[in-house]
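The values are calculated or read from the model by the stated rules, or taken from the named source; none is laboratory data. Treat the numbers as computed from the prediction; the structure is a model and nothing was measured. Neighbour counts are summed over all protein chains in view; Cβ atoms, including those assigned to glycine, are modelled from backbone coordinates with ideal geometry.
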Amino acid sequence: MNEALQPMTAVLEKIVPMVVDNSLFTFLPERSIPVAPGQFVEISIPGVGSFPVSACELVRDSRIVSCIRRTGRVTEALYNREEGDAIGLRGPFGNGFPLELFDEKDALLIAGGLGMAPLRALLHALLDDHKRSGKIVLLYGSREPGALLFYDELVELSRQGRVDVRFSVDFAETLPGPSGGVFCRIGLVSELLSDLDFVPGKTVATVCGPPALYRCVLEELALIGMSAAKIFATLERRMRCGVGECCHCVAGGHYVCKDGPVYSLEQLRCMEGAI
């Protein structure tokens, strides 16, 4: 059997509930695999099926941590597993975020909903690079305040002055007061750009979220002067098998699971139907 199709055994080591229908799962595979920020792995539940998911932390001590939403039959089966159970895991697949481009540059991270998960891995990588001199700005939008993932962690990073964090929500009966210098406002996450003071030519941007976010943000970043070659988005929502066999991910002539899922806006402009 093709090694890329043969899952290795991994232990479901830890489950940490987060916001409704979202939990952090820690997997310990039988052998260590390097999963870069932006890459993904395939989780298999024997007798049920498999699904792709990105890592939301840097791999440490061989452990892979993913934020997984309960959305269907296979993820439901995972949620019914217990700590200590065995699952299948294969990967890593795809290409990650181009970390080398962030050297000597400011980083602008824009997340919508569950898109915060893969960007969290990138955020950790940037924070771990002690040679970096550029600032990090995170704009994060969600449905409501209670759906913001990693809220306490992000507020603490803001309080420490390590990341300029700004939240937006679609609706809220009451907004949380400023905490750690972070304000939350009602509106689209793209509206947070209007209050942002940054130098487009000195900035690399990454965007992760639903297609609607890409349609309203990517070209807006280009219009304010950012190079299309330094604006990146991940098409991980198109992932399925990971090896280009099922063709579920094909967009603009690209097998996104093999050539992506991370693309620059410069590339996406040549991929009709990608977003």
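Can you pull out the residues in region 66-96 that are modelled with pLDDT of 95 or more and aromatic (Phe, Trp, Tyr)? Listed by number, the list holds a single entry, TYR79.
Among the residues of region 163-183, those identified as in contact with a helix residue (DSSP H, G or I) (Cβ under 6 Å, 6 or more places away or on another chain) and closer than 29 Å to ALA222 by Cα are VAL163, VAL165, ARG166, SER168, VAL169, GLY181, VAL182.
If you go through region 188-202 and pick out every residue that is surrounded by fewer than 13 Cβ atoms within 10 Å (Cβ to Cβ) and either under 22 Å from the mean Cα position of the chain (by Cα) or touching a residue at least 24 places away in the same chain (Cβ under 8 Å) (or both), you end up with 3. Screening the candidates ASP152, ASP170, ASP164 for the property of being of a type in the set (Asp, Glu), closer than 16 Å to LEU108 by Cα and either without any contact (Cβ under 8 Å) to a residue 24 or more places away in the chain or in the same structural domain as LEU108 (by TED's automatic domain parsing) (or both) yields one hit, ASP164.
Within region 168-177, being exposed (fewer than 13 other Cβ atoms within 10 Å of the Cβ) and modelled with pLDDT of 75 or more holds for PHE171, GLU173, THR174.
Filtering PRO7, PRO34, PRO29, PRO52 for residues that are touching a residue at least 60 places away in the same chain (Cβ under 8 Å) and closer than 24 Å to LEU109 by Cα leaves a single hit, PRO52. Within region 210-224, residues that are closer than 21 Å to ASP170 by Cα reach partners that are among the β-branched types (Val, Ile, Thr) and in a helix (DSSP H, G or I) with beta carbons closer than 7 Å, at six or more positions or on different chains, in the pairs LEU213/VAL189.
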